[in-house]
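The next block holds one structure in the form of structure tokens; read it before the comments.
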Amino acid sequence: MLLLIGLAVVIGSVLLGYVAHHGQLIVLWQWTEFVIIGGAGLGALLVGNSSSVVKAIGRDLVSLLKANPFSEKAYAELLQVLYDIFQKARKDGLVGLEAHIEEPEKSDIFAAYPDFLTKHHAVMFLCDTLKVLLSGAVEDHHLAEILEMDLEQQNEEQMAVVHALTRVSDAMPGFGIVAAVLGIIVTMGKINGAASEIGMSVAAALVGTFLGILLSYGVIGPIAAAVEARIRAESAYMLCIRTALLSFARGDSPMTAVEFARRNIEPGERPSFSELEQLTRRKAA
């Protein structure tokens, strides 16, 4: 919702200022300029990126229309999930977690936290790491390196969307100039026409430059920044899980591991220690 409000403010303020200067909105409606700039931008996007990145762009743009999935409520639920998992492992050993981490969608522990189950990267990251601990295939002092490598690869894959959008944003002013130059070429063909006709043709050409700059700095660039912010929020969420797993792997108690995770949360989204105690006591009861 904030995305739509921001775009409405950007476009609305530009158009309002234009009308206040006695500009005519109909002059800005040059559909050929939209075709040139929009088509060139879309074509460049398709040429410069793989199909998986293009699909990810669509998915991320849709996700921006939804509420932030990494809110304080989401972190509170994450701490509860981690506490339950670690408590189960403490009581029944890692073997007791096998059924839960092999098929998390069928686990009664994870079923109590439907919001966490929607975060597929987080679920797989947690379950895969617990499988590694269960198998004993990796020594504890190597676990941190493996988790760091995993998170770096995930972040690099997600940032490909930001890089793609940023490149298109940077190219928009250039495509606007292309549209303007083509408009001037058309205008030169009318050089012997009436002055009013030539003026309208020049105005139509300049719309291309205007549109390219507006799309770059007012639309696509901010959208890329919003996608990056959402990726950083997910990375912080994953780092919280990583901190808890490392604490648990070295033998800390469930409460200690969850407290380490809580301290890894940004202050604005972090539940207080009292709230954490209430959550864990409620589960224990």
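The values are calculated or read from the model by the stated rules, or taken from the named source; none is laboratory data. It should be emphasised that the depicted structure is a prediction, and the values quoted were computed from it without experimental measurement. Backbone-built Cβ (ideal geometry, glycine too); neighbour counts: all protein chains shown. The protein model used for the area step is the full one, side chains on, heavy atoms only, and it has no ligands, DNA or RNA in it. Shrake-Rupley method; radii C 1.70, N 1.55, O 1.52, S 1.80 Å.
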Over the Cα atoms of segment 176-277, each weighted equally, I'd like the Debye log10 I(q)/I(0) at q = 0.20, 0.22 Å⁻¹, rounded to two decimals.
-0.95, -1.03
Expressed as an acute angle from 0 to 90° and rounded to the nearest 10, what is the orientation of the C-alpha long axis of helix 2-20 relative to the principal long axis of the chain?
20 degrees
In the P(r) worked out for segment 43-149, what percent of Cα pairs fall beyond 19 Å?
57 percent
Virtual spin-label span in nm between Thr256 and Leu3, 7 Å along Cα→Cβ:
4.3 nm
Per-residue ellipticity at 222 nm attributable to helices in the chain (runs of n ≥ 4 DSSP H, -39500 (n - 2.57) apiece, nearest 500 deg cm²/dmol) works out to -26000 deg cm²/dmol
Can you compute the FRET efficiency between Ala160 and Ile184 using 1/(1 + (r/R0)^6), with r the Cβ-Cβ distance and R0 = 30 Å? Round to the nearest 0.05.
0.25
Using Cα pairs closer than 8 Å and at least 6 residues apart in sequence, work out the relative contact order for the chain, in percent.
27 percent
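May I ask for the Kirkwood hydrodynamic radius of the chain, worked out over all distinct Cα pairs and given in angstroms to one decimal?
22.5 Å
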With a 1.4 Å probe and every protein chain kept in, tell me what percent of the accessible surface of the chain is carbon plus sulfur.
63 percent
For a test of understanding, tell me how many lysine pairs in the chain have Cα atoms under 15 Å apart, given they are 8 or more places apart or on different chains.
5
Cα lying deepest toward the dipole's positive end in segment 39-192, options Val54, Ile191, Gln87, charges on Cβ
Ile191
What are the equivalent ellipsoid semi-axes of segment 99-235, built from the alpha-carbon gyration tensor (square roots of five times its eigenvalues), in whole angstrom, biggest first?
56, 16, 9
Can you give me the accessible area per residue for the chain, using a 1.4 Å probe, in Å²?
55 Å²
Under a point spin-label approximation (7 Å from Cα along Cα-to-Cβ), what is the Glu103-Gln24 distance to one decimal in nm?
6.9 nm
So what are the ³J(HN,Hα) numbers for segment 108-115, from phi and the Karplus equation (6.51, -1.76, 1.60; θ = phi - 60°), rounded to whole Hz, Gly and Pro as x?
6, 5, 5, 4, 6, 10, x, 5
